[in-house]
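A.B. asks: Sharing a structure below in structure tokens format, with a few things to ask.
What follows is calculated from the coordinates using simple rules that are stated; it is not laboratory data. Here the structure is a predicted model, which means the values were calculated and not measured. Methodologically, a virtual Cβ is constructed for each residue, glycine included, from the backbone with ideal geometry; neighbour enumeration extends over all protein chains shown.
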Amino acid sequence: MKERGEKKKKFERNICIFGYILVPVFFVILYLLMTKTYEDISMGNARSDSSVFGILNHVYHYIPRLGEFYQQTAARFMTEQVSFGPDLLFRLASSAAASGVVYFSTAFVLGRRLKLRYMDVLIYLGIMLFIMVSIFSEAFTYRFSFANNYALALLASILFLLLFRVEVMENKWWKDIGAIIIGFAFGISTEIVPVAFLIIMAIWILAKIMKKELKFGDFWAKYKIQFFAIIGLFAGLLFFYSGAGLGGRTSGGYAEIYDYVALGDLFRNPLDTVYKLVHHVWYNIRYVFFAIPLMCMYIFVEVSLFKGDRKKYLFWQILLFSFCLLFVGATSLVKVHDDLYARFMIPMFMAIVLSTMLFVRHIMEYSKISDKALRAATLVEVVLVVVLVADMTFAFALYNRTVAPMLNAIKYNPGGELQIDSIEGDYTMIPSPVFNLKQLPPFDWGPSADYVKFGL
């Protein structure tokens, strides 16, 4: 019996190690095979005679987002296809950021470090599959300007949330500095998410104080590391909003394409403005419309089924649901369409994924699911992710080889317009046969209707 038990533990350990490796393997292969798209190449051409400091200065006066700093720097040094040197380093760094999104999302759901257990790997691979079967996979596969920008933003957001989800032991000065850095990175991650979190946090603190569960003076003693993270968040928001980026988003061509609604219009033309805002809401949630009833169901089950200490997930379900409502309200200012959708709406999608996986974990704990069932479910997910890796590798390797001979048609013109010679042959990527993964071409912007995963 003892020998049999040891064999089971060894099998579980090996399957878990293999499962954990699959996600970074997927992203490493993906970004080594991915060809720079037209936007990436154009950006690299425009910045080819700029120093790193010059690029950072430009981004600050363009739109000072965390991912934008990284993306435009990466575009300057990356080559069209993988090569040794800075290009390889940036591709591996992007792989680490994307893998980190999955890993730390799992840590958020578990509320602790990942272990060599079926439950942990089940959630880990489940999050990966959730992302890759959805339209939001485009944020990772569509082009480097998406992956470099939004994977890093998501990583900063999840790391910030983790500071409030997990217990940080042994307060040391370097942890306080780390919390400030994470808070700052979160503050410049995206336009909406940090502000939404601050609103939710302010309401939570106020409710705690009014219910006399927390004295304002006790906040430092109980939430020291979180306090430093909030200091970093405010510093990041100050840095972000002192830049000149928002003007470009709320005026000119960008505002026209996405039907931007200024809040001041509520006073000038209230009826038409309210109609537009409501129309935008319904349009923007077309791929995530299921979230509100689904998350309401999670909260209802938490309240009605789980008793006492088993309501430990209720706070986070309410927080994630509140975030989705605030996010939808904020996005009503624009009509989100074309390839903007996947990258713009992915914070809400990730909140839905985290909420769903929290609920799944709680149900499994409550029902005391057997080890056999956990093992079977984990093996099914491992097989699915192996298929995902093979599916992506086949499609991106084929496209890499197809466009490689055509890349000499690109004529760089540092600081000027990129020149593309005429190209013989079709350079449109054939999507992967199972998961429909694809990227844009390196020679033009590509027809959005053909590339968006499930249509416009």
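A.B. asks: What whole-number value in cubic angstrom gives the convex hull volume per residue for the C-alpha atoms of the range 332-420?
C.D. replies: On the way: hull volume 15.9 nm³, N = 89.
Value for the range 332-420: 178 Å³ per residue.
A.B. asks: If you take percent of Cα pairs over 32 Å apart from the coordinates, which of [x] 36; [y] 43; [z] 56 do you get?
C.D. replies: Among [x] 36; [y] 43; [z] 56, the one calculated here is [y].
A.B. asks: Right, here's the next one. Put +1 on the Cβ of every Lys and Arg and -1 on every Asp and Glu Cβ in the chain; which of S304, I123, I318 then has its Cα farthest towards the positive end of the dipole?
C.D. replies: S304
A.B. asks: For the range 317-371, rounded, prolate or oblate, judged on the Cα gyration tensor with a ≥ b ≥ c (square roots of eigenvalues), a/c < 1.5 rounded, else prolate if a/b > b/c? Each step should come with its number before you reach the end.
C.D. replies: On the way: a/c = 6.12, a/b = 2.39, b/c = 2.56.
It is oblate, given that a/c is not under 1.5 and a/b is not larger than b/c.
A.B. asks: Spin-label point model (7 Å from Cα, Cβ direction): what's the S83 to V434 distance in nm?
C.D. replies: Inter-label distance under the simple model: 3.4 nm.
A.B. asks: Here is a follow-up. Distance check, please: which entries in K276/K438; K115/K438; K172/K222 exceed 25 angstrom between their Cα atoms? Mind dumping the intermediate values first?
C.D. replies: Numbers: K276/K438 33 Å; K115/K438 33 Å; K172/K222 15 Å.
Listed pairs above 25 Å: K276/K438; K115/K438.
A.B. asks: Using helices alone, I'd like the mean residue ellipticity at 222 nm for the chain: each DSSP H run of four-plus residues gives -39500 (n - 2.57), total over residue count, nearest 500.
C.D. replies: Values: 21 runs with 312 residues, N = 456.
When only DSSP H runs of four or more count, the value is -22500 deg cm²/dmol.
A.B. asks: Taking the Cβ-Cβ separation of V133 and K9 as r and a Förster radius of 51 Å, what is the calculated FRET efficiency to the nearest 0.05? Walk me through the numbers on the way to the answer.
C.D. replies: Values: r = 32 Å, r/R0 = 0.62.
Calculated value: 0.95.
A.B. asks: Indicate the helices, whole DSSP H runs only, in the chain that combine a mean Kyte-Doolittle hydropathy of 0.0 or more with a Cα extent along their long axis of 24 angstrom or more. If you can, show how the numbers build up before the last one.
C.D. replies: Details: long enough: 2-33 (46 Å, 0.38); 86-110 (36 Å, 1.20); 144-165 (30 Å, 1.60); 193-210 (26 Å, 2.45); 224-242 (27 Å, 1.69); 314-331 (26 Å, 2.05); 340-367 (40 Å, 1.16); 371-403 (48 Å, 1.23).
Result, helices passing both filters: 2-33, 86-110, 144-165, 193-210, 224-242, 314-331, 340-367, 371-403.
A.B. asks: Separate question: Pairs of alpha-carbon atoms within less than 8 angstrom and 6+ residues apart define the contacts here; what relative contact order does the chain have, in percent?
C.D. replies: Numbers: 574 pairs, mean separation 111.9, N = 456.
Reported relative contact order: 25 percent.
A.B. asks: Which of the peptides 39-49, 368-378 is most tightly packed, and how do the rest follow, going by the mean number of other Cβ atoms within 10 Å of each residue?
C.D. replies: On the way: 39-49: 19.6, 368-378: 13.6.
Listed from highest to lowest mean packing, they are 39-49, 368-378.
A.B. asks: I've got another one for you. Using a simple charge model, +1 on the beta-carbon of Lys and Arg, -1 on the beta-carbon of Asp and Glu, nothing else, what dipole does the chain show about its Cα centre, in debye to the nearest 20? Mind dumping the intermediate values first?
C.D. replies: Working: 44 positive and 35 negative charges, 505 e Å.
Dipole magnitude for the chain comes out near 2420 debye.
A.B. asks: While we're on this one: Could you rank the peptides 406-414, 105-113, 68-76 by their average count of other C-beta atoms within 10 Å per residue, with the highest value first?
C.D. replies: Working: 406-414: 14.0, 105-113: 19.7, 68-76: 22.8.
The most tightly packed comes first, giving 68-76, 105-113, 406-414.
A.B. asks: Sticking with this structure for a sec: Can you give me the orientation-averaged projected area of the convex hull built on the Cα atoms of the range 274-399, in nm²? If you can, show how the numbers build up before the last one.
C.D. replies: On the way: hull surface 41.3 nm².
Value for the range 274-399: 10.3 nm².
A.B. asks: Expected output is a single nm value to one decimal: the length gained when fully extending between D49 and E191, i.e. 0.36 nm times separation in residues minus the C-alpha distance. What is it?
C.D. replies: Working: separation 142, 0.36 × 142 = 51.12 nm, distance 2.94 nm.
The span from D49 to E191 would gain 48.2 nm if fully extended.
A.B. asks: Moving to a separate point now. Over all distinct alpha-carbon pairs, what is the Kirkwood Rh of the range 6-155 in angstrom? Don't jump to the answer; show the numbers that get you there.
C.D. replies: Numbers: mean 1/r = 0.0604 Å⁻¹.
That comes to 16.6 Å for the range 6-155.
A.B. asks: When only Cα pairs under 8 Å and 6 or more residues apart are kept, what is the percent relative contact order across the range 367-444?
C.D. replies: This gives 30 percent for the range 367-444.
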